[in-house]
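Note sheet for the following structure.
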Amino acid sequence: MRAAELSVQASGVATAPGRERWVLAGLLTAPGLYILIMAVVPAFLMVQLSLAHREVAGLWSPGFELTQYRQLATPLFARIMGFSLMLALAGALICVSLALPAAYFITRMRRRAQVAWLVFLLGSLSLSEVLIVFAFQVLLSTSGTLAGALTTVGLLAPGASLYPNFPAVLTCLVYLLLPYVILFFYPALSQLDPEVEQAAATMGASRLSTFTRVVLPMMRGQILTGVLLVVIFTFGAYLTPLVLGRPPQWTIAIHINNAAMGAGNLPLAAAYAVSVVAFMVALLVLTRVLSRRKASEA
Amino acid sequence: MSVTDQSGRRMLSRPGVIGRRGLLLGAGAAGLAMAAGCSGATGGGGRSLRVSSYGGNFEQALREHIYPLFTEATGIAVESIPQPAGLQFLLQLIEANKAGQTPMDLCISAPLDVMRGNAAGLWRAYDTTRIPNLANLPESYVTRGAEGAAAIGAVGWFFTMVTNPKTVSPTPTSWTELWATGRRNAWGLAGTGAGPMFEVTAATYFDGPETLNTEAGIRACVSKMEGLKPNTRLWWESEGTMQTALENGEVQGGVYFADVAETLIQSGANLEVVFPQEGPVIDFGSWCQPSASTKTEEAHAFINFMLSPQAQNLIASRLNAPPLIRADLLTLDDAVRAKVTSPTPPIATNLEARRLHLDFMVQEFSQMLAR
């Protein structure tokens, strides 16, 4: 909105506020309709399916029952959700704590080096997740480079391999998400006024304490959003835990697929999915409330 | 194709051609098959039939070695379509059938999908009087719906023990080897929710697959399977994953499709196919005709041909798969016979247990794995 006002002023054309509203409405129609058709309608259908009647010897029939939601009241479901959340938080913590300093140092480089880094990061995003996950599988396998090297220096028993396990899953997820998070922090960090840091330096602060006591607090909002970004991505992780993890490390996405495509129990899969969406929305609301309270305290 | 196979039905294209890339193709392959079918031109203007079967070696062998003989005998041209196995395929087929535009006239379907298709009114019932060779097929391979025979057995497949002779020696003789204490992290086992591990466990430690008819029996089997966890490095859901693990030496062996293992051996993999004394688990695919397909005459002729000893002999020698017709009708040489028949009777997949308790089996199994 503000950008629109600015551009209008800049071009020197006086526009009535009424007309501007119409233009804005026109511009928002297409994405609005797209979201309505592609997100709201499927979400409604998903809720409807989750309430349908499951036919064990068939697929499902229309109905309105809570059978599948009752099935979620098992230790298994709590365990899966707990694990998915733990994985997501661990991934977010590692990603953010690696990405923030990385993005900070990139913004403090010469222009050319910055461009090179950005091109490199964007380039790494163009690799498919599937390729990366299978590359990790090869790297970590018994006959792989890394396991081979570790075996040679005696850190790994011959024939042992570095997957499937939790660290393999986490490492690969961090690798997949790190470029996104660095690119997410980059604009905000590059817009930080250098004079703020210079002022801190004048007052005798070291570079480290400038970063931790000046830059980080100014980035608090972005950090929170970055954490949420990774949490949302990781919570839905599918291929990485499937290929690099064992069944206890299977995320909710794998269980949804197993229920739907394996057992053919689509109502149960839909109930899982609805619960995940509800959980994510609750998490976002909670974060918003907490950050508002923090802001009003400050 | 899907990444999973949870119910003992084949859910993946054959990995011989597609391998791990199989994981990527997913619904894409299904869409492709549908699109291929809709374009549906067989050319020539003569009689024709569009037949889909599991893509990869399987479809290729049928197309190259068996269908031409059918065309020669009947003058009916066959358009062979690779078919992804899995629920997406069935769901798409149900929709296409409702719209009156099925991409094929006949497809191969695993027992659970036959059942699901039946419930959805997907399959056309055959006129069995038009299929004289049906007399060659044991009745257990014919699935009857409300209106008659809806699915007729096409080809069988064994889930059996596959080992790497370099690391597993001497060759095991019993399924109990999977539970043996010296085999920590050795195996790749079917991680599918209601898959063949149920039959293996029930036949090895309980009263056979009938054990699975009750919830108590299912619980007992699942708690016995708990003992497999320390020995299992990979709970595979897709053929491709297990294939990679076998080839890379990530696993010393495990449970796998006998026919795929034979194909891997033929292409140089150091593997041994073992038929344990309790028997391999046998499952099978059936020919099914979506009701929107109108080529009943051609379909009857095709199924009749596929049930002939000539076609079934070729299924054994070219697909490495167990033929389904009565053994006395077959003429197999000893080498082929050894690959496609088990010295002890195979363990039949208990479909009734799936019909009654599928969700319970999947739930108990998933809980056991996730613990």
Can you tell me which lysines have their Cα less than 28 Å from the Cα of B:Lys295? Leave out same-chain residues fewer than eight positions away. B:Lys98
Other protein chain Cβ atoms within 10 Å, averaged over every residue that makes up A:55-61: 6
Mean-position separation - Cα centroids, the stretch A:65-140 and the stretch B:225-264, in angstrom: 29 Å
Between A:Thr67 and A:Val41, how high is the FRET efficiency from 1/(1 + (r/R0)^6) when r is the Cβ-Cβ distance and R₀ = 25 Å? Nearest 0.05. 0.55
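If packing is taken as the average count of other Cβ atoms within 10 Å, what order do A:108-115, B:350-357, B:268-275, B:108-115 fall into, highest mean first? Intermediate values should be presented prior to the final figure.
Values: A:108-115: 11.0, B:350-357: 19.4, B:268-275: 16.8, B:108-115: 24.9.
Listed from highest to lowest mean packing, they are B:108-115, B:350-357, B:268-275, A:108-115.
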Quickly rank A:281-294, B:152-165 as a protection proxy: mean count of other C-beta atoms within 10 Å, highest first. B:152-165, A:281-294
Extension gain from A:Ser206 to A:Asn165, taking 0.36 nm per residue of separation minus the Cα-Cα distance: 10.7 nm
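Shape verdict for the protein assembly as shown, please, from the Cα gyration tensor: rounded (a/c under 1.5), prolate (a/b greater than b/c) or oblate.
Because a/c hits 1.5 or more and a/b exceeds b/c, the protein assembly as shown counts as prolate.
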Within 10 Å of the Cβ of an average residue in B:75-87, the count of other chain Cβ atoms is 1
Once both labels are modelled 7 Å past Cα along the beta-carbon direction, what's the B:Ser174-A:Gln198 spacing in nm? 8.4 nm
Other protein chain Cβ atoms within 10 Å, averaged over every residue that makes up A:262-271: 6
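Give me the extension gain from A:Leu290 to A:Arg19: residue separation times 0.36 nm, minus the current Cα-Cα distance, reported in nm with one decimal.
Details: separation 271, 0.36 × 271 = 97.56 nm, distance 3.85 nm.
Full-extension gain reported as 93.7 nm.
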Of A:Tyr272, A:Val153, A:Leu85, which is farthest towards the positive pole of the stretch A:72-297's charge dipole, taken about the Cα centre with +1 and -1 on the beta-carbons of Lys, Arg and Asp, Glu respectively? A:Leu85
Multiplying the sequence separation of B:Glu64 and B:Asn213 by 0.36 nm and subtracting their Cα-Cα distance, what value in nm do you get? 49.5 nm
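Once R0 is set to 51 Å, what does the formula 1/(1 + (r/R0)^6) return for the Cβ-Cβ distance between A:Leu216 and B:Ile265, expressed as a FRET efficiency to the nearest 0.05?
Numbers: r = 60 Å, r/R0 = 1.17.
The computed FRET efficiency comes out at 0.30.
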Take peptides B:140-150, A:21-31 and line them up by average Cβ neighbours within 10 Å, highest first, as a rough protection proxy. B:140-150, A:21-31
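Given axes a ≥ b ≥ c from the Cα gyration tensor, I'd like to know whether the stretch A:72-297 is rounded (a/c under 1.5), prolate (a/b larger than b/c) or oblate. Present the calculation step by step, with values, prior to reporting the outcome.
On the way: a/c = 2.33, a/b = 1.33, b/c = 1.75.
Judged from the Cα gyration tensor, the stretch A:72-297 comes out oblate (a/c at least 1.5, b/c at or above a/b).
Every number here is computed from the coordinates shown, using simple stated rules; none is lab data. Just so it is clear, the structure is predicted and the values come from calculations on it, not from any experiment. No Cβ is skipped: glycine too gets one built from the backbone with ideal geometry, and neighbour counts run over all protein chains shown.
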